[in-house]
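Chemist: This is the structure, below, for whatever I ask next.
The values are calculated or read from the model by the stated rules, or taken from the named source; none is laboratory data. Note that the structure is a prediction, hence the values are computed from the model and not measured. Backbone-built Cβ (ideal geometry, glycine too); neighbour counts: all protein chains shown.
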Amino acid sequence: MEDEEGFREFVRARLPRLSRAAYLLAGGHAQAEDLIQAALIKTATHWSKVSRAGDPEAYVRKILYHEHVRSWRRRRFLEHTTASVPENAAVSGDETGRAELRVVLEQALAKLTKRQRAVVVLRYFEDLSEVETAQVMRTSVGTVKSQTSHALGRLRVLAPELEDVMEVWS
């Protein structure tokens, strides 16, 4: 591979952020690792072209999203319901409250459609604009807006304890 050290530097610098995005898209560590691995393999094979284009992180992010959708198309998972609603997590500064809130968020994200989850992750966790999100998802800005609206509405129903977090997003 041409410029192998440049690729290694990129991975070292961006892996934590890309891993977080993959985890939020996939909903689990193993699935996120698979997404990251697939994205980095594809990136490595085209590294010289990708690095010359100037924004390798956007390229990898796009691959993450497309690999995520591809896996969803291969195998569709059924939504799993639970017998009880989780208790409200404290939004306070304590570690336990934050951990509980993180679990509630992960469970709620898992119940969104793949497209809705992708929009939420790209918009609110990756801080992409509507236009950038539309480019990554290869869709229109209007679709991003409607999917965001549907996703936030569904999150409000699935996890009302996230209302304080979602106020910041709206």
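Chemist: List the residue pairs whose Cβ atoms are under 7 Å apart, where the first residue sits in segment 149-168 and is over 16 Å from Leu101 (Cβ atoms), the second is surrounded by 13 or more Cβ atoms within 10 Å (Cβ to Cβ) and at pLDDT 75 or above, and the two are 6 or more positions apart or on different chains.
Modeler: Going by the 7 Å Cβ cut-off, the qualifying pairs are His150/Gln116; Ala151/Leu112; Ala151/Gln116; Ala151/Val119; Ala151/Val120; Arg154/Leu112; Arg154/Gln116.
Chemist: Now a separate question. Between a residue in segment 102-124 that is more than 13 Å from Gly28 (Cα to Cα) and any residue that is among the aromatic types (Phe, Trp, Tyr) and surrounded by 17 or more Cβ atoms within 10 Å (Cβ to Cβ), which pairs come within a Cβ distance under 6 Å, given they are 6 or more apart or on different chains?
Modeler: Cβ pairs passing all conditions: Lys114/Trp72; Ala118/Tyr65.
So that you can scan it fast, the table gives a plain yes or no per residue for (1) modelled with pLDDT under 85; (2) more than 20 Å from Phe10 (Cα to Cα); (3) more than 18 Å from the chain's Cα centre (by Cα):
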| position | (1), (2), (3) |
| --- | --- |
| Trp47 | no, no, yes |
| Tyr59 | no, no, no |
| Lys62 | no, no, no |
| Pro86 | yes, yes, yes |
| Val104 | yes, yes, no |
| Leu109 | no, yes, no |
| Gln116 | no, yes, no |
| Val131 | no, yes, no |
